[in-house]
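Just so you know, all these numbers are worked out from the coordinates, no wet-lab data involved. Nothing here was measured: the structure is a model prediction, and the numbers come from that model. Note that we place each Cβ from the backbone using ideal geometry, even for glycine, and neighbour counts take in every protein chain shown.
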Amino acid sequence: MIARFTSVVALVAMVSGPAPGHRAAGGTISGKVTYTGTPPKARPIDMSKEPSCVAQHATPVTTQDAVTGAGNSVDYVVVYISAGDEGAAAATDTVRYEQKGCQYIPHVAVMQVHQPLAVLNDDPTSHNIHPLAKVNAEWNKSQPKGAPPIHTAWDQPEFIAVKCNVHPWMHGYFVVLKTPHSSITDSTGAFKLEGLPAGKYTVTAWHERFGTQSQEVTIAGSETKTANFVLTARPY
C-alpha cells in the first residue's frame, strides 16, 4: 500500500463529512467496497528521469489505479449520492491538489461543481497539469518550480482524468459532482455519507478501473443504513 500524506487525510475528511464527535444532523449511509475477480498487480514506477522526485521516496512508488487490501477491500473508490439531493449549493472550501514527489496527492480529488480548486507544485521541478475534460473545457498548463497555485473550478459534473505531459507516469482524477454528500474509501474499503435528510437516494460507487455500481437507499430520520458494494476486478 502507498503511504498517505497529511493533505490526503484533510481532503478525505472534508468530502466525507464531519469529524467523529461532530456528526451532522440527519441520516447516514455507510458501508464497504470490495471486489470479486482478479485485480491487476501494482507496478513499480520508474522515476529515474527525475532524480529529485526519486529522492523523495524511501521506497519505490507503485501505481495507484487499482489499490486493494485485506478482505478484498478497494481503495480510492468514490461513493456519492447520484440522485435524491439535487440543488445543493456548492461548497466554498478550496480543494487542494498537490504535485509532490512526481505524484498527484490525492490520487483522486472530489469536488462540487463551481467549488474552488487549487493546484500546487511542491516539487523542485516543473510540472505540466493536463485535465482531460470532455464535458468541461479542457486545459493544459505548465507550473514551474515555485510557481503560484493554479486556481480554477469546473462548471459541469464530470469524472476527469488528469496527467502530466512532462512525467508520463503521473495520473490522477478530478471527480466533479453536484452533491455535497460524497466519500472516498480508505485502505479498508470503508465509506460514510452523513447529514442526509429523510428521503430516497441513489448511492453510486465509482472506481477508475473496476467500474460503477448503484443502489437505492431510503433514509428516515436520523437512522443509519448500510450499503455495501462488490465491484468486478479484472487483471488488465
The chain - mean residue ellipticity at 222 nm from DSSP helices (-39,500 (n - 2.57) per run, n ≥ 4, rounded to 500): -1500 deg cm²/dmol
Pairs of Lys in the chain closer than 24 Å at Cα, counting only those 8 or more apart or on different chains: 26
Residues whose placed amide H lies under 5 Å from that of residue 67, excluding near-sequence neighbours: 75
Of 169, 97, 205, farthest towards positive along the dipole that unit charges on Lys, Arg, Asp, Glu beta carbons give region 95-228: 169
Solitary cysteines of the chain, where the nearest other Cys Cβ is not under 4.7 Å: 164
Antiparallel bridge percentage (DSSP; both residues within region 6-233; nearest 5): 70
Highest-fluctuation residue, 218, 152, 59 considered, GNM on the chain with Cα pairs under 10 Å: 59
Electrostatic dipole magnitude of region 6-233 [Cβ: Lys, Arg +1; Asp, Glu -1; Cα centre; debye, to 20]: 260
Cα centroid of region 145-175 to Cα centroid of region 80-115, whole Å: 12
